[in-house]
1. Taking the stretch 112-132, which residues are part of a strand (DSSP E or B) and not polar (S, T, N, Q)?
2. Can you work out which of the residues in the stretch 218-234 that are touching a residue at least 24 places away in the same chain (Cβ under 8 Å) and more than 23 Å from PHE258 (Cβ to Cβ) is surrounded by the fewest Cβ atoms within 10 Å (Cβ to Cβ)?
3. Out of all the residues in the stretch 244-251, is one or more in contact with a Lys or Arg (Cβ under 9 Å, 6 or more places away or on another chain), within 26 Å of ASN37 (Cβ to Cβ) and of a type outside the set (A, V, I, L, M)?
4. Out of all the residues in the stretch 134-155, is one or more modelled with pLDDT of 90 or more, closer than 24 Å to ASP48 by Cα and surrounded by fewer than 18 Cβ atoms within 10 Å (Cβ to Cβ)?
5. Determine whether ILE208 is modelled with pLDDT of 95 or more and either closer than 30 Å to LYS259 by Cβ or surrounded by 17 or more Cβ atoms within 10 Å (Cβ to Cβ) (or both).
6. On the phi > 0 side of the Ramachandran plot, out of contact with any Pro (no Cβ under 8 Å at 6 or more places or on another chain), free of Cβ contacts under 8 Å to residues at least 60 places away in the same chain and surrounded by fewer than 18 Cβ atoms within 10 Å (Cβ to Cβ): does that describe GLY237?
7. Pick out, from the stretch 15-111, the strands (runs of 3 or more DSSP E) lying fully within it that include 2 or more residues that are in contact with a Leu (Cβ under 6 Å, 6 or more places away or on another chain) and at pLDDT 90 or above.
8. So which residues in the stretch 148-190 are aromatic (Phe, Trp, Tyr) and closer than 30 Å to LEU108 by Cβ, if there are any at all?
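The values are calculated or read from the model by the stated rules, or taken from the named source; none is laboratory data. Keep in mind the model is a prediction, meaning the values are calculated, not measured. A quick note on method: Cβ atoms are made from the backbone with ideal geometry, for glycine too, and the neighbour counts reach across all protein chains shown.
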Amino acid sequence: MKLYKHLFILFFLAYSTIQAQQDPNSIFYRYNMNIYNPAFVGSSESSDITLGIRSQWAGIEGAPESQSAIFSSPLGKNTGLGLSILNDKTFIENQTWVAVDFSYHIQLNDSYKLFFGLKASANSYSANTSGLITYGIGQDGSLTDYESRFMPNIGAGLFLQHQDYFLSFSIPKLLTPERLQEKNGNAYLGESKIHMYLSGGFDLGLGISSKLQNSVMLRYVNAAPVSVEITSILDFGYKFNLGASYRYDESISGLFLFKVSDKFNLGYAYEVTTDKVFNRNNVSSHELFMRLSI
């Protein structure tokens, strides 16, 4: 129980006050980007279905778990349409986020396309505040008789596409609805924080069929340090890719992508934290990824 209590408090500290990261991360962010950026929909020539499962701090009761389902398709000559569903459960919190994405792009020249995206979403958020007692966390009066919330939201993004590289900037949630916060060992009802995402990547050719896919993701939350994640994936041009990812001062990961066919990919990532407290308890995270092009 002491370990659970420590992890619970550390989670609130890490996600609510220090880093303020309230939305889940994904190691496969390059492939499921319309969770973060609505402008990404329609950027592929095919219609894609993407599924993801992330289990953080595996083996710890109530530790963060998230599942995502994404559909993206070009629609007409210059538009794209997508649907994103994300379920996230963290200790006493549970939320389901459903979003519809729309994009419009212009052809800047023979090499560049610029996509503009809008996201309309709704979030069902609940918290089992009675579970705070289990972890020895106090609560103020605002959490008395707490009831689940259903909250609409909007977001926007830009996506610049080239055959060999890309740039992306987005704010998927512009509104700040209520959710649980922690301060000085007590939980209270605060506001969600706006998350901004800036990412880019380029492919480096290594031969006739091989290339190195490099990308970086910067996540910014108000009053928190910028989270920086760097990923490199070696594409052998055959059935599988191998890669590694480093999230500055947070974690390192290894990932594997298997090309079952030209239209079906499977991926797995294993992540270990660089935090000394978590390392002493052999805490790790796992992520599964699937993409089907139709």
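1. As a first pass, look at the stretch 112-132 and keep what is part of a strand (DSSP E or B): 113-127.
Correct list: LYS113, LEU114, PHE115, PHE116, GLY117, LEU118, LYS119, ALA120, ALA122, TYR125, ALA127.
2. Of the residues in the stretch 218-234, the ones touching a residue at least 24 places away in the same chain (Cβ under 8 Å) are 219-225, 227, 229, 231, 233-234.
Going one step further and asking which of them are more than 23 Å from PHE258 (Cβ to Cβ), we end up with 219-225, 227.
Values: ARG219: 23, TYR220: 16, VAL221: 19, ASN222: 10, ALA223: 8, ALA224: 17, PRO225: 13, SER227: 20.
The residue in question is ALA223.
3. Taking the stretch 244-251 and keeping what is in contact with a Lys or Arg (Cβ under 9 Å, 6 or more places away or on another chain), we get none.
No, because not a single residue in the stretch 244-251 is in contact with a Lys or Arg (Cβ under 9 Å, 6 or more places away or on another chain), within 26 Å of ASN37 (Cβ to Cβ) and of a type outside the set (A, V, I, L, M).
4. The answer is yes, given that some residue of the stretch 134-155 is modelled with pLDDT of 90 or more, closer than 24 Å to ASP48 by Cα and surrounded by fewer than 18 Cβ atoms within 10 Å (Cβ to Cβ).
5. On the way: modelled with pLDDT of 95 or more: no; either closer than 30 Å to LYS259 by Cβ or surrounded by 17 or more Cβ atoms within 10 Å (Cβ to Cβ) (or both): yes.
No.
6. Working: on the phi > 0 side of the Ramachandran plot: yes; out of contact with any Pro (no Cβ under 8 Å at 6 or more places or on another chain): yes; free of Cβ contacts under 8 Å to residues at least 60 places away in the same chain: yes; surrounded by fewer than 18 Cβ atoms within 10 Å (Cβ to Cβ): yes.
In short, yes.
7. Values: elements: 48-55, 65-75, 79-90, 93-107.
Here the list reads 48-55, 65-75, 93-107.
8. Within the stretch 148-190, the subset aromatic (Phe, Trp, Tyr) is 150, 159, 165-166, 169, 188.
Listed by number, the residues that qualify are PHE159, TYR165, PHE166, PHE169.
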